[in-house]
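Below: the structure, in structure tokens.
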Amino acid sequence: MRAAPVLLAAMSMLAAPPAAAQSVVTSPRPDSVAVTVYRNPERDPGERPNLDWLGGYALVSETRTVVVPAGESVVRFEGVASGAFAETAIVTGFPEGIIERNRDAELLSARTLLDRSLARRVHLRRTSLATGTVREQEAVIRSGAGGAVVLQTADGFESLRCTGVPETLVYDEVPEGLNARPTLSVRLRSSVATTATVTLSYLAAGFDWQANYVGTLSPNGRRLDLFAWLTLASMDQTSFPDANTQAVAGQPNRERQNWQAPDQSSLELRCWQQGRTDQIVAGMTGDVLNDLPQAIVVTGSRMRRPEFESLAQARPVMAEQENLGDLKLYRIPVPVTVAAHSQKQVALLRREGVEVRRVYRQTVTESEADEEPVPVQMALLTRNRASEGLGLPLPAGGVVIFAAGAPRPVMLGAGAMRDYAEGEEVEISFGPAIGIMSQLRRVSHENGITTYELVVTNDHRRRIDFEAELQFDNVQSRIRLEEREGRHIWRTRLPSTGRAVLRFTVSPS
Amino acid sequence: MRSVLLLAILSVSAPALAQITAEIPPPSQSAQGDVAVTIYNNNLALVQDTRQLAVAAGRNRIEFPDVSAQIRSETVTLTGAGIGIVEQNFDFDLLSPSALMQKAVGETITLVRMNPATGVETRERARVLAANGGVVLQIGERIEVLRDDGLPVRVIFDRVPENLRARPTLSVTVESERGGTRPLTLTYLTPSMSWQADYVALFDEAANRMDVQGWITLTNHTGTTFRNADTMLVAGSVGQDQPERYPDYRRNRPSPQVRAAGTESAGRERIGDFYLYPLPERTTIANQQTKQVSFLDAHGTPTTRGYEYRNDWLHGAEEPESANSVLNFSSSRAQGLGDALPAGTVRVYQRDARGNPQFVGESPIPHTPMGSRIGLTTGQAFDVKVRPVVVSRDRIDLQKWRESERFRIVHPDGTQTTGQRDYLSTMSFWETRMRYSLTNARPQPVTVDVYQSGLDQSSWSDTRLVAESLPSERLSADRVVWHVTVPANGSVDLEAVFQSTY
């Protein structure tokens, strides 16, 4: 009668953590946090960030208050971004420094629970379907998770779930070192107990941002009201409430990441050969190779929580731009929440009445010869300086152009812009024109000299400024061609509902 | 309730459970002894594990649990006083329900049938005849297929065959002269452990200084935790060829990081050609862990920012391209970091207007000797751009080609030969006018190094620079560089004329 409590006491002693002088302190969340979002370097400016897989990253800087005991201790940081790159972590603020910092990525799962409980005592719980009686008995796990479960009980050796009886394992505790998420921690030694304000910063995957320009073109096509959103998105599982938020434009180098997703392999319970007489298929009887043990897959599926937080209407909050080395930093002047799995927009810039030149243009190459007519491209040209109404860095992004003056907004087209520094010539292409087509014909080919004819047609009841860039070497024409950056440019004005023709020859090089 | 039930079990089969209890290790105990781990850069580690083991006189079979789950068993050596190795085994026949059933063929097992209506259990003994597809049993005089009717049946095995193991297990059979406990040292190689350096560089652009911290980052994906290990890192890759390098054809690709290799010896421990980085104290390297320990803390290293643009052939660009932004510093003792740098990644931070460090780019570096000149490309500048333009490419005649024909050979004795070369009349000659438009939107002047390569494509072609608007520096037969100063918020056009044969 007395033996049982003694044994239980002995077991609980065994289950206690190792007798180490090391105490564990957990910092559950940051006191304040700053998030700087960097663009996906491999995304084209016009391409929208894929909210399901954001290829950019963020620098997360957290301030935390930690109570450090005297002696050796481990401080665990919880609530960090799930996409944190451990090798980029920086921890400052512990008065006596740290010994080492760690990221533990062995995660708690059905599989690791079983695997780490090898040769440990667990409880086997069986429920009788006939009577509802629940019986629990002690068992020791004798097999690893790879081939599934063999248990030692007082009766002998048994399998788990090969019997047709509802049965499960009940564990007493979570084995040491298994975490719900990859966890950052530091090991340190302090001569006195103290409270430290520490800064933890790291780069984290799963963020992106983009500029989204909205332009409204005046009826005469000479003035553009330009507005841009700073659209930033996170697919991280951690939300950062009231974060000081920045976005960086430019091209900081980031090496290809060997980011290893934490091991989330599922537990497969395999039984012995379960063939029955009703499952015999001709030709398969006794075929050992087809004798696959039955598998029960225990797995978890990730829940998705679309939590879009949009600030769609215009607000007086406008991002502030500053230089950061050879990059451009945009600061959102008020703390905002960078929520998990969400997208957020704030105003990036606004310029009214930018002087633009609206052109229709085409780049003409040999490959287009003798194909059908193609629509020419619409573009707005300007220069990024104060005299034109600009004169500020323009980060890359998508552009949508609307026409002003109509009773309701009319969208003229959409395109994309690369990064433009101050002073650069800016070209905003916004899609194919309607009713203005160009066609290149090869007229003749004699003595190595090819003659081409470029025909451009206009179905508008107004004249249209058009220019073609000829991507040919050794071009000659009777019509005078301009030279720009080593290329031949044909500029002309298309008559109302009419056409223009350029005949040119290309001699061999 | 539970203790009563437990007691009931105890009273039924006390000897069996007592045996179980004796074998259960406490959760944190490991069979590892005094562990020393040496980790190389190329996903390889050498583990030395000294265990105090009781060895009887004569032949012993010793098992070594808690070795790396990825152990390269062919590299194992065991040493100890007064023992000789008979054989070494690595058993990976794993214990599982199906293996258990296979090994039970011919043996007798216990069946516990449960009546689904009443829950009543009945026990009987059965002999396993076969386990091919289904399990065929002989019960008394009857032959049955296990659970052919789908009703619940528990199967209880009397024992587990000896060679079925929970995990792959290393065992060594030794011949010992005498009995007694003594230290035995197990040494083996394991993959899935590696390390690299991670550098945190805080660049102060106004002061042209940089603070650099170096961290050793080691990772353990062996499946095994090494407890309280004496850890040493070796800067180098052993026993493996260098990975093949693929040519990089990107436009304006970064220049190599080490511009001139150093010749100073760092004050660090060395074995052979390798630098060693011992961790200052013993540490536990957990499975799936990334561990970082500081090894370098340098302050105020003189550092300058430069810009580079590389044009690989005499071709133009469709639009202006950002120049590479480069940090130049040294690893020398006198003027730099003062240490050899193990290979890794340098992440550069700069303070923003509010004084918070922000990430401004990173660059890999190879193993770098002390005293090296280093140029790290951290990214491309938003405000500094270069656009190469082919202004014209025209055929020229032999006469014009000859006008630029001047060669000079300096002989070892100091005399010189100058002259002209003859060309086959079938060759064609070309003149290419290049313009490099440089723009700078920064409020300070910048100097951009513009590299033009592709001047020595092959032995039969010949390209020469015949005119230039700024003096160039000829770096090699293939490459020239111009150091172009672009004023604040300004632009400069660099022009050059090349003649080449085709």
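Between B:Val391 and B:Glu124, what length in nm is gained on full extension when 0.36 nm per residue of separation is reduced by their alpha carbon distance? Present the calculation step by step, with values, prior to reporting the outcome.
Values: separation 267, 0.36 × 267 = 96.12 nm, distance 9.68 nm.
Here the answer is 86.4 nm.
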If one compares the long axis through the Cα atoms of helix B:14-23 with the longest principal axis of the Cα atoms of chain B, the angle in degrees, nearest 10, works out at 20
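What do you get for Rg/Rh over the range A:156-207 if you use C-alpha atoms and the Kirkwood form of Rh? Can you show the working numbers first?
Working: Rg = 21.7 Å, Rh = 17.4 Å.
Ratio value, two decimals: 1.24.
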If you build the Cα gyration tensor of the range B:44-145 and take the root of 5 times each eigenvalue, what three semi-axes come out, in whole angstrom, biggest first? 45, 16, 15
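What number in nm² do you get for the range A:112-251 if you take the convex hull of its Cα atoms and divide its surface by four? Don't skip to the end; give the middle numbers.
Values: hull surface 82.8 nm².
The directionally averaged projection comes out at 20.7 nm².
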Note down the nm distance, to one decimal, between modelled labels 7 Å out along Cα→Cβ at A:Thr363 and at A:Asp473. 1.8
Using the Cβ atoms and a cut-off under 13 Å, what net charge is assigned to the surroundings of B:Arg282, where Lys and Arg are +1 and Asp and Glu are -1? -2
Longest principal axis of chain A (C-alpha) makes with the long axis of helix A:3-15 (C-alpha) an angle, in degrees to the nearest 10, of 30
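So how do A:Glu368, B:Glu74 line up by other beta-carbon neighbours within 10 Å, fewest first?
Numbers: A:Glu368 18, B:Glu74 9.
Ranked by crowding around the Cβ, least crowded first: B:Glu74, A:Glu368.
Please state, to two decimals, what the Cα-based radius of gyration of chain B comes to when divided by 2.2 N^0.38 Å (N = residues). The partial results should precede the final answer.
Values: Rg = 36.4 Å, N = 502, 2.2 N^0.38 = 23.4 Å.
Ratio of Rg to 2.2 N^0.38 Å for chain B: 1.56.
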Would you please calculate the Kirkwood hydrodynamic radius of chain A over all C-alpha pairs and express it in Å, rounded to one decimal? 29.5
Within straight-line cross-link reach of B:Lys400, aspartates and glutamates at Cα separation under 18 Å, skipping those fewer than 8 residues along the same chain: B:Asp422, B:Glu431, B:Asp462, B:Glu468
List the lysines whose Cα lies under 20 Å from the Cα of B:Lys385, skipping any in the same chain that are fewer than 8 positions away. A:Lys328
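Remind me, what semi-axes does the range A:383-509 give for its equivalent ellipsoid, largest first in whole Å, using sqrt of 5 times each Cα gyration tensor eigenvalue?
Details: eigenvalues 211, 92, 31 Å².
That gives 32, 21, 12 Å for the three semi-axes.
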If you consider only alpha-carbon coordinates, what radius of gyration and Dmax does the range A:54-97 have, in Å? 13.0, 43
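Fewest to most neighbouring Cβ within 10 Å: what's the order for B:Tyr502, A:Tyr360? Please report the intermediate quantities before stating the final value.
Details: B:Tyr502 12, A:Tyr360 22.
Ascending number of Cβ neighbours within 10 Å: B:Tyr502, A:Tyr360.
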Could you give the angle, 0 to 90 degrees to the nearest 10, between helix B:2-12's Cα long axis and the longest principal axis of the Cα atoms of chain B? 60
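So what's the net charge close to B:Leu170: Lys and Arg +1, Asp and Glu -1, counting the other residues with Cβ under 15 Å from its Cβ? Show your work: numbers first, answer last.
Numbers: positive: B:Arg51, B:Arg61, B:Arg72, B:Arg165, B:Arg167; negative: B:Asp49, B:Glu63, B:Asp66, B:Glu74, B:Glu87, B:Asp91, B:Asp93.
Result for the local shell: -2.
Using the 10 angstrom Cβ neighbour count as an exposure proxy, how do B:Lys103, B:Lys385, B:Lys291 rank, fewest first? Before the final figure, lay out each step's value.
Working: B:Lys103 20, B:Lys385 28, B:Lys291 24.
Least to most surrounded, the residues fall as B:Lys103, B:Lys291, B:Lys385.
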Cβ under 12 Å from B:Ala197's Cβ, B:Ala197 left aside: what net charge do those residues give with Lys, Arg +1 and Asp, Glu -1? -2
Report, in cubic angstrom per residue, the convex hull volume of the C-alpha atoms of the protein assembly as shown. 287
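Rule-based calculations on the coordinates, nothing more; no lab input. All of these numbers come straight from a predicted model, not from anything done at the bench. Cβ coordinates were reconstructed from backbone atoms using ideal geometry, including for glycine residues, and neighbour counts include every protein chain displayed.
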